Amino acid sequence: MNLEDIARRAGVSRSTVSRVINNEPYVSSRTREKVLKIIQEVGFTPNPGARMLVTQRTQVIGVVIPRNLSVVFEDPYYFPTLLQGVAGAAQERDYATLLWLGSSDEDEDRFYQRILKNRLMDGLLIASATTNPSIFEHLLAQQIPFVTTERPFFYSDQISYVTIDNIGAGRTATEHLINLGRKRVGTIAGQQDNVDAQDRVIGYREALRAAGREVDPDLIVEGYFSRRGGYLAMKTLLRQEIDGVVAASDTMAVGALQALQEAGVRVPEDVALVGFDDLPLAIMTEPTLTTIRQPITQRGYQATSLLLAMLAGEVEGPRQVLLPTQLVIRQSTGVLTL
């Protein structure tokens with residue numbers, strides 16, 4: 001059946017049926033219910049191509065993760081958890097998602113150009129963006145609706161984003177070790193082309209300076225947000241005689257813990273360890289991992305909800321949202337809280 005058939009059955013015009021299908025105003029509740037009942041009875045499904053021509057909407061948003069597949073899914077928790085929140089918000093508004101993943105074989109600017117030339121998406125959600133400003137410059141210039149799940153390195157006052165206070169969280173994690181009396185506190189940093197990773201190092205530095213300590217660059221080692229990176233970074237830090245380490249992700253902390261155990265270093269007696277994210281693996285380790293809990297699912301959900309609100313005209317101007325974090329103390333720092 002087509003719109004004309006539905007209109008004849010309902011005793012209304014074709015345009016009224018179109019307004020009901022597209023959830024537009026200026027239709028009485030009685031008429032809307034009558035049309036919807038007939039649509040349900042006959043199992044009518046609107047033609048998506050025709051609907052797109054009328055509404056100028058595809059009901060699709062793009063989710064951009066400019067990292068290659070191996071990096072994204074090496075961690076079996078973080079990105080799947082984030083995408084779960086994205087999918088939940090999209091489904092509530094009957095939107096589909098199109099996932100864009102970067103590739104080590106493709107230049108980043110070319111990757112973004114492919115996305116920008118695509119006409120299947122109403123807006124973009126950008127996760128784990130690098131510090132390359134080109135994508136934001138193009139999106140702002142072309143007035144394409146988008147939201148990021150991180151504080152952008154450039155144009156942050158012009159861009160809507162949902163994130164956490166990474167500086168404050170990094171500071172809290174480091175202060176915890178300082179307050180426990182640890183004298184040589186190092187950090188395993190995430191990939192430094194990522195703003196979240198940079199901000200966590202800033203928080204680490206701020207905590208040391210506030211405690212009257214010098215920042216030793218030899219105690220800051222990049223772990224690239226991977227388990228192997230955390231493992232190798234901890235091997236480097238062990239040569240610096242550290243007694244406390246803040247890892248910028250739980251995945252890196254697990255790799256660091258493996259290196260400590262292989263070296264016969266006791267945790268927390270010799271080295272206290274703090275992770276970041278509070279992924280399920282944080283309570284699977286021995287000892288269990290003290291970590292910074294962040295609401296990953298909520299981060300994806302709220303960022304997607306904000307984007308869809310922008311597309312619906314419910315939000316004007318850029319919005320910046322900071323979600324709360326929490327220090328969860330477990331065995332890897334020698335103190336346990338419920």
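Looking at this structure, is residue 292 within 26 Å of the chain's Cα centre (by Cα) and either part of a loop (DSSP other than H, G, I, E, B) or crowded, with 16+ Cβ neighbours inside 10 Å (or both)? When the stated conditions are applied, residue 292 passes them.
Please specify each residue of the stretch 22-32 satisfying the condition of being farther than 25 Å from residue 58 by Cα and either aliphatic (A, V, I, L, M) or free of Cβ contacts under 8 Å to residues at least 12 places away in the same chain (or both).
28, 29, 30
The sole residue among 80, 46 that is at pLDDT below 75 and farther than 22 Å from residue 118 by Cβ is 46. The test for being surrounded by fewer than 24 Cβ atoms within 10 Å (Cβ to Cβ) and outside the structural domain of residue 85 (by TED's automatic domain parsing) does not hold for residue 250.
Checked across the stretch 233-246, the condition of being assigned to a helix (DSSP H, G or I), under 25 Å from the mean Cα position of the chain (by Cα), surrounded by fewer than 24 Cβ atoms within 10 Å (Cβ to Cβ) and in the same structural domain as residue 175 (by TED's automatic domain parsing) holds for no residue. Residues that are touching a helix residue (DSSP H, G or I) at 6+ places or on another chain (Cβ under 9 Å) and at pLDDT below 90 number at least 1 in the following helices (runs of 4 or more DSSP H) confined to the stretch 85-182: 108-117, 134-142.
Determine, yes or no, whether residue 276 is part of a strand (DSSP E or B), of a type outside the set (A, V, I, L, M) and either surrounded by 24 or more Cβ atoms within 10 Å (Cβ to Cβ) or not assigned by TED's automatic domain parsing to the domain that holds residue 73 (or both). Lay out the reasoning, then the answer.
On the way: part of a strand (DSSP E or B): yes; of a type outside the set (A, V, I, L, M): yes; either surrounded by 24 or more Cβ atoms within 10 Å (Cβ to Cβ) or not assigned by TED's automatic domain parsing to the domain that holds residue 73 (or both): yes.
Yes.
In this structure, is residue 174 surrounded by 19 or more Cβ atoms within 10 Å (Cβ to Cβ) and more than 16 Å from the chain's Cα centre (by Cα)? The answer is yes for residue 174. Taken as a whole, the stretch 256-266 holds no residue that is touching a residue at least 40 places away in the same chain (Cβ under 8 Å), surrounded by fewer than 23 Cβ atoms within 10 Å (Cβ to Cβ) and not β-branched (Val, Ile, Thr).
The values are calculated or read from the model by the stated rules, or taken from the named source; none is laboratory data. Predicted model, so just to flag it, every value in this text is computed and none were measured. For neighbour counting, all protein chains shown are included, and Cβ atoms are generated from backbone atoms with ideal geometry for every residue, glycine included.
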